[in-house]
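Undergrad: Once you've had a glance at the structure underneath, I'll fire off some questions.
Throughout, read-outs are computed from the coordinates displayed, never taken from laboratory work. Everything numeric in this text was worked out from a predicted model, so none of it was measured. When we count neighbours, we look across all protein chains shown, and the Cβ atoms used for this are built from the backbone with ideal geometry, even at glycine.
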Amino acid sequence: MTAPLDHAAPRREATVRRDAEALQVRVRRGSAFQAYAVARRANQTVLDVVTEIQREQDPTLAYRFACRVGMCGSCGMTVNGRPRWTCRTRVAAVAEEGVLTLEPLRNLPVVKDLAVDMEPFFEKWRRAHGYFEPGEAPPEDFAAVLPDSGPRREADAGIECINCGVCYAACDVVSWNPDYLGPAALNRAWTLVNDVRDQGQAARLDAVAGDAGCHSCHSHMSCTEHCPKALAPTFAIAGLKRATGKAALRRLWRKP
Ligand code: SF4
Ligand code: SF4
Ligand code: FES
């Protein structure tokens, strides 16, 4: 007697083959990981994967994004152990084994799942005087700083920061000392120190010279290695170390 035909077999086989080809995704949700399988697609980004999970498998998954084109800085996550912007990170470049482990950015409180609270990060920008100070009587007309002038080139070096927090998550000194201002706030302060129009330099240099400021940086370059905009906060911080040192010497010389 011949065995009855199993008409479902080809469909089951196809399902198994698709699962084997699928991307295996592990997402940290609180203290545990949750597993998902997501179809692999050409040019798929990590953010595409998270969005597909949330829209098609699990609407309770929390994460953050806005622009999807590398401008807003809101999509940072830890991807297979490294902090990254996820809208510009292709799955093919980071999940060669077909496994993607996603966690929230380090060094920031978790709101839910992959979304972190950026408030402590921006509070440090305020503490570092990372905002333009026009002075008591700013000129009414626009100040002209020529694009190819030395001062403009100095200010340009770190100006393209998108506040993504990737460098902040990559910095071990922030982990050891949560008070440390961190690479992004210090990079911003250095950009403003180089802004010839700014009138708040003395207070800014004071703000970044304290115990939790630029002199706490160990110069181990992790921020610079991870910055998706190829900025170099380490060199900005080195600039602040020189500038705060010079300001301290000037104060000493002025003393009677
Ligand atoms: S260079 Fe300084 S700011 Fe950058 S990661 Fe290292 S300690 Fe942190
Ligand atoms: S310095 Fe780079 S990594 Fe840090 S917040 Fe700005 S863009 Fe993001
Ligand atoms: S979503 Fe805006 S930078 Fe990634």
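Undergrad: What is the count of Lys pairs in the chain whose alpha carbons sit under 24 Å apart, if the two are 8 or more places apart or on different chains?
TA: 7
Undergrad: What are the chymotrypsin sites (Phe, Trp or Tyr not before Pro) within segment 76-163 that DSSP puts in a loop, where the Cβ has at most 16 other Cβ atoms within 10 Å?
TA: Hits after loop and neighbour filter: Tyr131, Phe132, Phe142.
Undergrad: What ³J(HN,Hα) values, in whole Hz, does the Karplus curve 6.51 cos²θ - 1.76 cosθ + 1.60 give for segment 228-244 when θ = phi - 60°, with x put for Gly and Pro?
TA: Per residue, the Karplus-derived 3J(HN,Hα) values read x, 9, 6, 8, 10, x, 4, 6, 4, 5, 4, x, 5, 4, 5, 5, 5 Hz.
Undergrad: Compute the label zone of Asp141 within segment 189-217: residues whose backbone N is under 14 Å from the point 7 Å along Cα-to-Cβ.
TA: none
Undergrad: Here's another thing I want to ask about it. Taking H as built 1.01 Å from N, whose amide H comes closer than 5 Å to the amide H of Arg82, not counting residues under 5 places away?
TA: Answer set, sorted by chain and number: none.
Undergrad: Given charges of +1 on the Cβ of Lys and Arg and -1 on the Cβ of Asp and Glu, with all other atoms neutral, how large is the dipole of the chain about its Cα centre, in debye to the nearest 20?
TA: Roughly 400 debye for the chain.
Undergrad: For the chain, what is the convex hull (Cα atoms) projected area averaged across all directions, in square nanometres?
TA: 19.7
Undergrad: List the chymotrypsin sites (Phe, Trp or Tyr not before Pro) in segment 143-206 that DSSP assigns to loop (not H, G, I, E or B) and whose Cβ has at most 14 other Cβ atoms within 10 Å. Which are they?
TA: Passing both the DSSP loop test and the Cβ count: no residue.
Undergrad: Further question on the same structure: Can you give me the distance in nm between label points at His215 and Glu160, each placed 7 Å from the Cα along the Cα-to-Cβ direction?
TA: Computed distance between label sites His215 and Glu160 equals 3.4 nm.
Undergrad: Along the Cα→Cβ direction, 7 angstrom out, place labels at Ser31 and Trp253. What is the inter-label distance in nm?
TA: 5.9
Undergrad: Pull up all non-local amide H partners of Glu133: gap of 5 or more, or a different chain, and H-to-H distance under 5 Å with H placed in the peptide plane.
TA: Gln199, Gly200
Undergrad: If you don't mind, there's one more thing I want to ask. Relative contact order for the chain: what percent, with Cα pairs under 8 Å and sequence separation of 6 or more?
TA: Over the chain, the number comes to 16 percent.
Undergrad: Run the simple label-point estimate for Val94 and Ser149 please: 7 Å along Cα→C-beta, distance reported in nm.
TA: That separation, rounded to one decimal, is 4.0 nm.
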